[in-house]
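*Asks:* Before I ask anything, let me first share the structure, which is written out below as structure tokens.
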Amino acid sequence: MKAKLQVALDMVSREKGCELATLLQDEVDILEVGTPLVIRYGLGIVKEIRKVITTEREILADIKIADAGRWESEQAFAQGATMVSVLAGASFQTLEEVKSVCEKEKGKMVVDLIDWAICDRDKIQIIQRIQPDYLALHLSTDAVKKGDSLLQLRQRFPFLSETNFPFMLAGGVNRELLPSLLQEVRPQVVVVGSAVAGSPSPLAEVKEIRRIINLA
């Protein structure tokens, strides 16, 4: 099965986020309302993005829950999200609460490994017991700026190959790196952000990334 394509709307204005959502909705599988966008405008921006799209696209509220799992995930679903993210470093109880709400709302749970330094084999086994819909191998924006890559991140977790997690790949993904990532990691979801949002032609960029995915 070909990987799904997710576009992250992060460091853009409200107007730009709505414009990109409208423009790209027919070309992507998941629209992500990114953490910076939520911080800037509040969770209500999820509802705004939902209102401007005319297709039944999945919407991920990337709120990176660290605590108060039930309450925070409920707030995201109330605004129209169909997916929420929770940090891999969150407590087992918080992970359980997010999972419970996702099941109730028929939504999806993404466990985000952006805080990878505090996750070891034992924590990964705990996460596996929760059975999230996706485990996101996520390279932070700050790490990308320093030259790190997702391929290096994967090498830091050799034991992940022993699991059967559906993987998301996020952080510094672009058309040049994508073929190697698809071959070596075989993710279920590819997440692109600035490569699309910062492109002079976002629609053409998304179509090219989709073409690369289809060729893999």
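*Asks:* Report, by residue number, each residue of the stretch 125-134 that is surrounded by fewer than 22 Cβ atoms within 10 Å (Cβ to Cβ) and either out of contact with any strand residue (DSSP E or B) (no Cβ under 8 Å at 6 or more places or on another chain) or under 15 Å from residue 62 (Cα atoms) (or both).
*Replies:* Answer for the stretch 125-134, where residues must be surrounded by fewer than 22 Cβ atoms within 10 Å (Cβ to Cβ) and either out of contact with any strand residue (DSSP E or B) (no Cβ under 8 Å at 6 or more places or on another chain) or under 15 Å from residue 62 (Cα atoms) (or both): 125, 126, 128, 129, 131, 133.
*Asks:* Still on this structure, I have one more. Consider residue 29 carefully, then state whether it is touching a strand residue (DSSP E or B) at 6+ places or on another chain (Cβ under 6 Å) and either acidic (Asp, Glu) or crowded, with 21+ Cβ neighbours inside 10 Å (or both).
*Replies:* Values: touching a strand residue (DSSP E or B) at 6+ places or on another chain (Cβ under 6 Å): yes; either acidic (Asp, Glu) or crowded, with 21+ Cβ neighbours inside 10 Å (or both): yes.
So residue 29 fits the description; yes.
*Asks:* Name the residues in the stretch 115-134 that are under 19 Å from the mean Cα position of the chain (by Cα) and either under 16 Å from residue 67 (Cα atoms) or assigned to a helix (DSSP H, G or I) (or both), would you?
*Replies:* The answer is 115, 116, 117, 124, 127, 128, 130.
Values quoted throughout were computed directly from the atomic coordinates according to the rules given, and no laboratory measurement underlies them. Worth saying up front: this structure is predicted, and the values here are computed from it rather than measured. As a convention, Cβ positions derive from the backbone with ideal geometry for all residues, glycine included, and neighbour counts pool all protein chains shown.
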